[in-house]
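Student: I have a structure here, written as structure tokens, and I will follow up with some questions on it.
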Amino acid sequence: MGRSIGRTNGAVVSSSLNADDILAKLSALPLDSLHEREVMLDGEPESLILYRDAAGQMRAWLNVCPHAGRRLDWSPGQFLRSKQGELVCAVHGATFALPEGNCVAGPCRGDCLRAVALQVEGDVVRLNTAD
Ligand code: FES
């Protein structure tokens, strides 16, 4: 049975994830670090980018570049960063501000990564399955 996953763009999709599925332990994620997780969204496997920002807050986006729909990492979980700390797509170099996830340079300037809602309870990071 599917679950609803809220995205910040207002779209709601279903997921086969159980409520107890854990994406990460907060204590295992350094500040200002990027990670990749494979999840089921709407019955389909999806790659997510997890970002723990410098203040410790968590964000997630689909690992899909708005330019050409390719993954941003050059190898699973291996993300490029600019000298200023921005996230750089490994395919054609689109550059995304962190923690906002908006493209500030490159072929899709002005577009945004598609955010996925998370919930953090104590040390546990999960997809937000609330409607
Ligand atoms: S697919 Fe990311 S910049 Fe082209």
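Student: Inside region 102-114, can you point out the residues that are part of a strand (DSSP E or B) and either surrounded by fewer than 18 Cβ atoms within 10 Å (Cβ to Cβ) or more than 13 Å from the ligand (Cβ to nearest atom) (or both)? Quick ask: steps written out before the conclusion?
Tutor: We begin by selecting, within region 102-114, every residue part of a strand (DSSP E or B); these are 102-105, 112.
Listed by number, the residues that qualify are ASN102, VAL104, ALA105, CYS112.
Student: Those residues that are at pLDDT 95 or above and of a type in the set (D, E, K, R), I need them from region 1-36; list them, please.
Tutor: Within region 1-36, LYS25, ASP32, GLU36 meet the criteria.
Student: So, one more: Please enumerate the residues belonging to region 76-90 that are in a strand (DSSP E or B) and in contact with a Phe, Trp or Tyr (Cβ under 7 Å, 6 or more places away or on another chain). Explain how you work it out, then say what you get.
Tutor: Let us first name the residues in region 76-90 that are in a strand (DSSP E or B), namely 78, 80-81, 87-88.
Across region 76-90, the qualifying residues are LEU80, LEU87.
Student: Pick from region 68-101 the residues that are near the ligand (Cβ under 9 Å from one of its atoms) and of a type in the set (Lys, Arg): which of them is surrounded by the most Cβ atoms within 10 Å (Cβ to Cβ)?
Tutor: Out of the qualifying residues, it is ARG71.
Student: Sort through LEU26, LEU48 and tell me the only one that's under 17 Å from LEU118 (Cα atoms) and under 12 Å from the mean Cα position of the chain (by Cα).
Tutor: Values: LEU26 fails: under 12 Å from the mean Cα position of the chain (by Cα).
Every option except LEU48 fails the conditions.
Student: Follow-up. Name every residue in region 49-58 that is touching a Phe, Trp or Tyr at 6+ places or on another chain (Cβ under 9 Å), buried (at least 20 other Cβ atoms within 10 Å of the Cβ) and of a type outside the set (Val, Ile, Thr), in order of residue number.
Tutor: Passing the criteria: LEU50, TYR51.
Student: Still on this structure, I have one more. Only residues that are in contact (Cβ under 8 Å) with a residue 40 or more places away in the chain, under 21 Å from ALA28 (Cβ atoms) and more than 14 Å from the chain's Cα centre (by Cα): list them for region 55-76, please.
Tutor: Within region 55-76, none qualify.
Student: Identify the residue in region 77-131 that is over 15 Å from LEU48 (Cβ atoms) and basic (Lys, Arg) and, among all such residues, is farthest from the chain's Cα centre (by Cα).
Tutor: Among them, the one singled out is LYS83.
The values are calculated or read from the model by the stated rules, or taken from the named source; none is laboratory data. Note that the coordinates shown come from a computational prediction; the quantities given were computed from them, not determined experimentally. With ideal geometry, Cβ positions are generated from the backbone for all residues, glycine too; neighbour counts draw on all protein chains shown.
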